[in-house]
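These notes concern the structure reproduced below.
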C-alpha cells in the first residue's frame, strides 16, 4: 500500500476488544506504511472518529457496552466519511445485511487471513484515492477560465512560462507552431490576455479560408471604388479593427508570396495602406501568427519569404501534441465535461474508471480538439450521472490486428495448483504483461469486456499498471 498517493499516511482505526486481534492488526498495517490507532469500546471509537478523520475503520460487531452496529452510522458522519469494514466472529445473513444497510463497505468473518484484510483495505484506499482526486479535479476545473491553458504537465508548463515571457513585450511578433488541434489560438489568446494589450481587441483571421484578394482586403481594408463590388464608403481592415490589441493570423503558411511582401512592410514600417489608398495608416497592433507547417523548410523551397519568417519568428512558442502531455487528459476531460455539460443543461458528475482509462490510452491524433469532440459526443449520449466507456466514440477503444493475439502454445501454466482459478489468474497476468497493461487490447485478447477484466485484476490482486503512481479518475 506504500505506492498509494495519499496526503500523509492513510489513517486506520481498529476497534476490537480482543487484544490479540487489535495488536496483530496494528503490527500488520504499520508494516504496510499505514497510520494505525486502536480502540477497545464503542464509546472510544465514536470519540476518536469525532475528533479526527480516518480513512478506514475496522469495526468489531461485539464490543463491551454498545455493539458495533449501533455506532456504525455515527462514525460515518462528515463530508468524507470513513469506510467501515465490519469484523465479526458470528457471521449471519441478518448481521451482514444490517451492516451493509447502515453503510459498511465490507464484512469480514473471523478468523480472517492476512491476504483478506490487505485486499479489502487496498480496495477501500484505492476507492478513496479516486474520490479525493475527483474532488481535486472538480475544484481545479471550477477555477479555470476560457483563456487558460489546462494542464499540469511539464510540457504545458514550459508553454505557460514562454507565454509569460512574451507577454512582457507587447509589441513583439510571436510565431506559434504545433500540430492541428493542439490549441494554438488559445495560446495566442493567453498571450493577449496576459499582456498590456489585454484591454484592446483580440482579432483572429484564418489565412487559409480566403482567396488572396479577399485576404488583402480583409487585412488592410479598402477605399471606395477600389474594386468591383467594393462598398461605396470603403471598409476598415483588421489592422484598423485590432488597433491597440492583437491580430492573430492563423495558418500563416497558406498566405501567398505577394501578400507576404505587404505583410512584411507592415511589420517593418508599422504602417499599412488600404487597398486603393495612398495614405499610410499607423498599425498599432501586435502580430501573433501560427502554423502547423515547417516554415523553415518552406523558405528553402521558395514558398515562404525568408525575411518575413525572421520577422515573425522573433519569439516562438511550440505547442506540444496531446500524446506528449497525456497526464493532462484527466484534467482536460473534466474541464470539457463541466463546460459542455453546463451548455447542454445536463448533470454529469464525472467519468468511470474504465472510461478514463480508455481516454488515457488513446493516442489522440487530432489532439485537444479531438478530445473535446469525444467528450461532447459522450455528453450527448449519456443521459445523466457518470460518463462510462460505452458513451465514448467507438474509435477511442482502438483497433486490434493479428499482432496482438497470443501465439498458439505461448502460455504454459507455471503452478502446481491446476484449478481453473489459478490458471485463469496466470493467464490474465500474462496477457496484461504482453500488452503492457493496455486494458483494451488485453480484454479483446481474453474475449471479455473491460469491466470484467478490471474485476479479475482486483479479485486476483494483480495490482495496477507498472509506472503509474496514481489511480486515474
### Message
Suppose we keep just the alpha-carbon trace of the range 11-124; what are its Rg and Dmax in angstrom?
### Response
12.6, 35
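Using only alpha carbon pairs under 8 Å that are at least six residues apart, calculate the relative contact order of the range 154-320 and give it in whole percent.
35 percent
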#### Entry: Label-point separation, residue 344 to residue 122 (7 Å along Cα→Cβ), nm
3.6 nm
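Just to check, using Stokes-Einstein with a Kirkwood Rh over alpha carbon pairs, what's the diffusion coefficient of the range 154-320 at 25 °C and 0.890 mPa s in µm²/s? Show your work: numbers first, answer last.
Details: Rh = 16.2 Å.
Translational diffusion coefficient: 151 µm²/s.
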### Message
For 255, 80, 386, which order do you get if you count the other beta carbons within 10 Å of each Cβ and list the fewest first?
### Response
80, 386, 255
### Task
Go ahead and run the numbers for FRET between residue 172 and residue 363, Cβ-Cβ distance against an R0 of 41 Å, rounding to 0.05.
0.70
### Query
What FRET efficiency do you get for residue 256 and residue 113 if R0 is 56 Å and r is their Cβ-Cβ distance, rounded to the nearest 0.05?
0.15
### Task
Quick one: compute the contact order of the range 323-397, relative version, from alpha carbon pairs under 8 angstrom and 6+ residues apart, as a percent.
40 percent
### Task
Please order 440, 213 by the number of other Cβ within 10 Å, starting at the fewest.
213, 440
### Query
Hey, how many Å between the Cα centroid of the range 252-295 and the Cα centroid of the range 183-214?
14 Å
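Rule-of-thumb check for the range 181-228: C-alpha Rg over 2.2 N^0.38 Å? Mind dumping the intermediate values first?
Numbers: Rg = 14.6 Å, N = 48, 2.2 N^0.38 = 9.6 Å.
Rounded to two decimals, the normalised Rg is 1.52.
At 0.36 nm per residue, minus the direct Cα-Cα distance, what do residue 160 and residue 461 gain on full extension? Give it in nm, one decimal, please.
Details: separation 301, 0.36 × 301 = 108.36 nm, distance 4.07 nm.
Answer, rounded to one decimal: 104.3 nm.
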### Message
Quick check on the exposure proxy: order 156, 387 from fewest to most C-beta atoms within 10 angstrom.
### Response
156, 387
### Message
Full-extension gain between residue 185 and residue 74, please, as 0.36 nm times their residue separation minus the C-alpha to C-alpha distance.
### Response
34.7 nm
#### Entry: Rule-of-thumb Rg ratio for the range 323-397 [Cα; 2.2 N^0.38 Å; N residues]
0.97
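When only C-alpha pairs under 8 Å and at least 6 residues apart count, what is the relative contact order of the range 253-356, in percent? Can you show the working numbers first?
Working: 52 pairs, mean separation 22.1, N = 104.
Relative contact order for the range 253-356 comes out at 21 percent.
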### Query
How far, in nm, would the chain grow between residue 384 and residue 315 when pulled straight, counting 0.36 nm per residue and subtracting the alpha carbon separation?
20.3 nm
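Readers should treat all values here as calculations from the given coordinates under stated rules, not as data from a laboratory. The structure presented is a predicted model; accordingly, all values stated were derived computationally and were not measured. Because the Cβ atoms are built from the backbone with ideal geometry, glycine has one as well, and the counts that use them run over all protein chains shown.
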